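The values are calculated or read from the model by the stated rules, or taken from the named source; none is laboratory data. None of the values given here were measured: they were computed from a predicted structure. In this analysis, Cβ positions are derived from the backbone assuming ideal geometry, glycine residues included, and neighbour counts consider all displayed protein chains.
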Amino acid sequence: MTGLRKLFVKSFGCQMNVYDSQRMADTLAPEGYVETSTGEDADLIILNTCHIREKAAEKVYSELGRMRRLKEAAAADGRKLLIAVAGCVAQAEGEEIVRRAPTVDLVVGSQNYHRLPALVARAQRDGHVVDTEFPLDDKFEHLAAPAAAATRARGVTAFVTVQEGCDKFCTFCVVPYTRGAETSRRVDTIMAEAERLADAGVREITLIGQNVNAYHGAGPDGRPWSLACLLEQLAQIRGLERLRYTTSHPLDMGDDLIAMHRDLPALMPQLHLPVQSGSDRILAAMNRRHTRADYMDVVCRLLEARSDMALTSDFIVGFPGETEEDFAATLRLVGEIGYSGAFSFKYSPRPGTRGAEMGEQVDEATKTDRLHRLQHEIDRNRATFNRRCVGRTFPVLLERPGRHAGQIVGRSPYLQPVQIEAPTSLIGAIAAVTIAEVASNSLFGTLKREPALAGAGA
Ligand code: SAM
Ligand code: SF4
């Protein structure tokens, strides 16, 4: 091992990137890289980027301007700072990044993080390196080895990637191009990682994947396991009290998975189930492969399994051809479901996707107006959901110190942040908390002295 060097990884975009950033740090740890929280004193900076919307991709180039100045400052101090771009922008734009921003030393695609130590060494020696090949072998296999030695708990909750890529080809989305075909990780490596995290004090794991409920990883019996089977197995791990999974496609909400929400107390009563639009015409143009009625049917079955289920969604406004009538159908759907929250975006045409080639692109002003109206409706839904929690007592996982002394922030079973007055020695506990007040995004509660009702809803 060489002398210690400092690594700063900055993550953009989804939880998948947060997880990948942690795995990159784990992979580089045996090379002597220790993480630092700022770029100022780093020897290697990795920007782990997101390509989902144009704005997200452009953010990277403005960040690279700042990185160039950091690199110049380091050189003036006699230090060599290496700049790497990873993630979906790296995968999609490859060489183009180095052309636009010559300050970048290394471009590494989303499938090649296991090769980072060798790539960093090459970039140090030879200058610019670009590696965006999709390897023919399994990225999970390679990542498992360094991660096995180094998985570190970074708190009482953790993400674990179980599935990557997507074969669905929604016409607005770059994921099938930047993350490649769908692959699922083997059950034994997921179990081993979850056990290590639980031993290190993690109480809640969120399984992540672009299409997590399409999970079909090889089980120890050699057959493909469903997400439902995997969750059931994970729930056996001692110390692991809570399980979640995200992001799910409505088409893959099988009966066995829905039944888990009824039968598995560790599985939290909350689900991110993106619908994108409430109009069948737009859903078809988006190639979502489900109708509004199909989506409502999944929601009804979920609520039958678990009546206090909190649902969240993603929406896109201004997809090509979206009329005022189509948009009104989306607003109606939001009102009917009563979401506990949702993300909403203006449609952003992405190069290489079918949506970008469609006629009837919606103008910017209309998109902005629809986004505001939709967000208003979503905010109303969230406020109603939160207000209904006042006076209720439910188990809250106490996660970290709050902003003010004496305050801790935790999560309700429904994923709402809950603030309480309590000593930090309680971090990691699941405590019964009575909700006294709500603000726009948080709940405020008081600790009850009764023992925790691990995993159950209210
Ligand atoms: N796999 C998930 C699904 O099917 O719902 C979504 C994954 S994507 C990383 C997250 C969200 O970004 C999508 O649900 C969608 O709302 C949004 N998104 C994707 N492409 C977009 C685009 N071209 N313009 C605007 N929003 C987009
Ligand atoms: Fe993108 Fe659609 Fe796949 Fe989700 S299901 S990742 S939106 S292509």
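With 301, 238, 262 as the choices, which residue is in a loop (DSSP other than H, G, I, E, B), charged (D, E, K, R) and modelled with pLDDT of 95 or more?
That would be 238, the only listed residue that is in a loop (DSSP other than H, G, I, E, B), charged (D, E, K, R) and modelled with pLDDT of 95 or more.
State all residues of the stretch 195-217 that are among the hydrophobic types (A, V, I, L, M, F, W, C) and farther than 11 Å from residue 162 by Cα; if no residue qualifies, say none. I'd like the intermediate steps shown before the answer.
In the first step, residues of the stretch 195-217 are kept if they are among the hydrophobic types (A, V, I, L, M, F, W, C); the result is 197-198, 200, 202, 205, 207-208, 212, 214.
197, 198, 200, 202, 205 - these are the residues of the stretch 195-217 that are among the hydrophobic types (A, V, I, L, M, F, W, C) and farther than 11 Å from residue 162 by Cα.
Just checking, how many residues over the stretch 319-365 are among the charged types (D, E, K, R), surrounded by 13 or more Cβ atoms within 10 Å (Cβ to Cβ) and within 15 Å of ligand 1 (Cβ to nearest atom)?
4
Could you check the stretch 216-230 and list, in sequence order, the residues that are more than 18 Å from the chain's Cα centre (by Cα) and part of a helix (DSSP H, G or I)?
Across the stretch 216-230, the qualifying residues are 228, 229, 230.
Can you tell me which of (1) assigned to a loop (DSSP other than H, G, I, E, B); (2) out of contact with any strand residue (DSSP E or B) (no Cβ under 8 Å at 6 or more places or on another chain); (3) within 16 Å of ligand 2 (Cβ to nearest atom) is the one residue 308 doesn't meet?
For residue 308, the exception is condition (3).
Taking the stretch 346-361, which residues are more than 15 Å from residue 57 (Cα to Cα) and within 15 Å of ligand 2 (Cβ to nearest atom)?
If the condition is that a residue be more than 15 Å from residue 57 (Cα to Cα) and within 15 Å of ligand 2 (Cβ to nearest atom), then 353, 354, 355, 356 are the ones that fit.
Of everything in the stretch 18-53, what is surrounded by fewer than 21 Cβ atoms within 10 Å (Cβ to Cβ), within 16 Å of ligand 1 (Cβ to nearest atom) and not in a loop (DSSP other than H, G, I, E, B)? Give them in sequence order.
18, 19
Under the condition of being of a type in the set (S, T, N, Q) and assigned to a loop (DSSP other than H, G, I, E, B), which residue from the stretch 241-257 is surrounded by the fewest Cβ atoms within 10 Å (Cβ to Cβ)?
Once the filter is applied, the top-ranked residue is 247.
Read through the list (1) within 16 Å of ligand 2 (Cβ to nearest atom); (2) farther than 16 Å from residue 313 by Cβ; (3) surrounded by fewer than 22 Cβ atoms within 10 Å (Cβ to Cβ), then give the number of the only condition that residue 237 fails.
Of everything listed in (1) within 16 Å of ligand 2 (Cβ to nearest atom); (2) farther than 16 Å from residue 313 by Cβ; (3) surrounded by fewer than 22 Cβ atoms within 10 Å (Cβ to Cβ), residue 237 misses just condition (1).
Failed condition for residue 96, given (1) at pLDDT below 95; (2) away from ligand 1 (no atom under 16 Å from the Cβ); (3) part of a helix (DSSP H, G or I); (4) touching a strand residue (DSSP E or B) at 6+ places or on another chain (Cβ under 7 Å), with all others met?
(4)
Suppose we filter 428, 391, 410 for residues that are touching a residue at least 12 places away in the same chain (Cβ under 8 Å) and either within 16 Å of ligand 2 (Cβ to nearest atom) or out of contact with any Leu (no Cβ under 8 Å at 6 or more places or on another chain) (or both); which single one remains?
Step by step, each of 428, 391, 410 is checked, and only 391 is touching a residue at least 12 places away in the same chain (Cβ under 8 Å) and either within 16 Å of ligand 2 (Cβ to nearest atom) or out of contact with any Leu (no Cβ under 8 Å at 6 or more places or on another chain) (or both).
What's the total number of residues in the stretch 174-215 that are in a strand (DSSP E or B) and under 15 Å from residue 134 (Cβ atoms)?
So the answer is 1.
Does residue 284 fit the bill of being surrounded by fewer than 20 Cβ atoms within 10 Å (Cβ to Cβ), touching a His at 6+ places or on another chain (Cβ under 8 Å) and either touching a residue at least 24 places away in the same chain (Cβ under 8 Å) or closer than 19 Å to residue 347 by Cα (or both)?
Working: surrounded by fewer than 20 Cβ atoms within 10 Å (Cβ to Cβ): yes; touching a His at 6+ places or on another chain (Cβ under 8 Å): no; either touching a residue at least 24 places away in the same chain (Cβ under 8 Å) or closer than 19 Å to residue 347 by Cα (or both): yes.
No: the conditions fail for residue 284.
Kindly list the number of the only condition in (1) crowded, with 23+ Cβ neighbours inside 10 Å; (2) within 16 Å of ligand 1 (Cβ to nearest atom); (3) assigned to a loop (DSSP other than H, G, I, E, B); (4) not charged (D, E, K, R) that fails for residue 171.
(1)
Looking at the stretch 367-390 only, could you name the residues that are in a loop (DSSP other than H, G, I, E, B) and buried (at least 18 other Cβ atoms within 10 Å of the Cβ)?
389
Being in contact (Cβ under 8 Å) with a residue 24 or more places away in the chain, buried (at least 21 other Cβ atoms within 10 Å of the Cβ) and closer than 28 Å to residue 233 by Cβ narrows it down to one residue among 269, 274, 265; which is it?
269
Got at least one residue in the stretch 63-83 being basic (Lys, Arg), touching a strand residue (DSSP E or B) at 6+ places or on another chain (Cβ under 9 Å) and assigned to a helix (DSSP H, G or I)? Walk me through how you get there before you give the answer.
Residues of the stretch 63-83 that are basic (Lys, Arg), as a first pass: 66, 68-69, 71, 79-80.
Filter once more, so that each one left must be touching a strand residue (DSSP E or B) at 6+ places or on another chain (Cβ under 9 Å): 68, 71.
Among the residues that remain, those that are also assigned to a helix (DSSP H, G or I) are: 68, 71.
Yes; the residues of the stretch 63-83 include at least one that is basic (Lys, Arg), touching a strand residue (DSSP E or B) at 6+ places or on another chain (Cβ under 9 Å) and assigned to a helix (DSSP H, G or I).
Could you tell me which residue of the stretch 287-302 is farthest from residue 366 (Cα to Cα), considering only residues that are of a type outside the set (Lys, Arg), surrounded by fewer than 16 Cβ atoms within 10 Å (Cβ to Cβ) and more than 16 Å from ligand 2 (Cβ to nearest atom)?
Top of the filtered list is 300.
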